[in-house]
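Asks: One structure, pasted below without further comment.
The values are calculated or read from the model by the stated rules, or taken from the named source; none is laboratory data. Model, not experiment: these values are computed from the prediction. All Cβ positions, even for glycine, are placed from backbone atoms using ideal geometry, and neighbour counts span all protein chains on display. The accessibility values were calculated without ligands, DNA or RNA, using every heavy atom of the protein model including side chains. Shrake-Rupley method; radii C 1.70, N 1.55, O 1.52, S 1.80 Å.
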Amino acid sequence: MIHPTGLPVIGDGATLRADAVRNRARLLEAAARIAAERGAAAITMETVAAEAGVGKGTVSRRFGDRNGLLQALLDHSEIRFQEAFLSGPPPLGPGAGAAARLRAFGPAVLRHEHAHRDLYLAAEPAPERRFRVPPKRLRHTHVASLVRVLLPDADADLLAHTLLSSVDVVLVEHLTHDHGMSLDRIETGWHDLLDRLLLPRG
């Protein structure tokens, strides 16, 4: 699937040979078992190789590094989430106005990432790669396109980053774990931010 901007969504990788597909699935199954039994923090190239009964080099060739492996584990749920906001029913998907879609998007990100927070936190890229991974690029492109419709004269790219930062999985974990905030409060904050942003200017 290709986003209207031309940016490919997760899962649009190059076609793999049948044996490569089987090997990839085997490694991901091993990683998923480790995550289920010991948590995402226990997933390393070494533990996955041992669990799958292969050499570490095999895991490295297939996924590059630990972050690539963790990102691949997230692909399935990420694909479903992307389908929801790119082609699913309104208000999150097409068929609703830009404001309604934007209001639905923040809470959807919040709830989706919270449900898979163990993996998202473990897969958090290094600072220099944080905003380059395809899911984050696609979300930013989507939000910026909605902001551009609602506020044609605004810096849509910068505002999109500002909005998305308020429901970032690392920040949400800090707010819920260290400050005892509820997801409902953070969701209300998203709507309050949009209300103030979209307030008629006279």
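Asks: Ignoring ligands, DNA and RNA, what percent of the 1.4 Å accessible area of the chain is carbon and sulfur?
Replies: Numbers: 6020 of 10810 Å².
Carbon and sulfur atoms account for 56 percent of the accessible area of the chain.
Asks: List the residues, sorted by chain then number, that are 5 or more residues from residue 96 or on another chain and whose placed amide H is less than 5 Å from its amide H.
Replies: none
Asks: Whole-Hz ³J(HN,Hα) for each residue in the range 180-191, computed from phi via Karplus 6.51 cos²θ - 1.76 cosθ + 1.60 with θ = phi - 60°, x for glycine and proline: what do you get?
Replies: x, 6, 8, 4, 4, 5, 5, 5, 4, x, 4, 5
Asks: Mind pulling the angle between the C-alpha long axis of helix 134-150 and the longest principal axis of the chain? Nearest 10 degrees, somewhere in 0 to 90.
Replies: 10
Asks: Between the range 66-87 and the range 103-166, what is the C-alpha centre distance in whole Å?
Replies: The two parts, judged by their Cα centres, are 14 Å apart.
Asks: Please give the length that would be gained between residue 174 and residue 188 if that part of the chain were fully extended, namely 0.36 nm times their separation in residues minus their C-alpha to C-alpha distance (nm, one decimal).
Replies: Working: separation 14, 0.36 × 14 = 5.04 nm, distance 1.69 nm.
That works out to 3.3 nm of additional length.
Asks: Could you sort 170-179, 54-63 so that the peptide with the highest average Cβ count within 10 Å comes first and the rest follow in order? Walk me through the intermediate numbers first.
Replies: Values: 170-179: 13.6, 54-63: 16.1.
Sorting 170-179, 54-63 by mean packing, highest first, produces 54-63, 170-179.
Asks: Per the Kirkwood definition applied to all pairs of different Cα atoms, how many angstroms is the hydrodynamic radius of the chain? Write out the running numbers ahead of the final one.
Replies: Numbers: mean 1/r = 0.0544 Å⁻¹.
The Cα-based Kirkwood calculation yields 18.4 Å.
Asks: Okay, next question. Put 181, 45 in order of accessible area, largest first, 1.4 Å probe: what do you get?
Replies: Largest to smallest exposure gives the sequence 181, 45.
Asks: Still on this structure: Loop only by DSSP, 16 or fewer other Cβ within 10 Å of the Cβ. Give me the chymotrypsin sites (Phe, Trp or Tyr not before Pro) in the range 99-202 that pass, ordered by residue number.
Replies: On the way: sites: 105, 120, 131, 190; in loops: 131.
Those that pass, being in a loop and sparsely packed, are 131.
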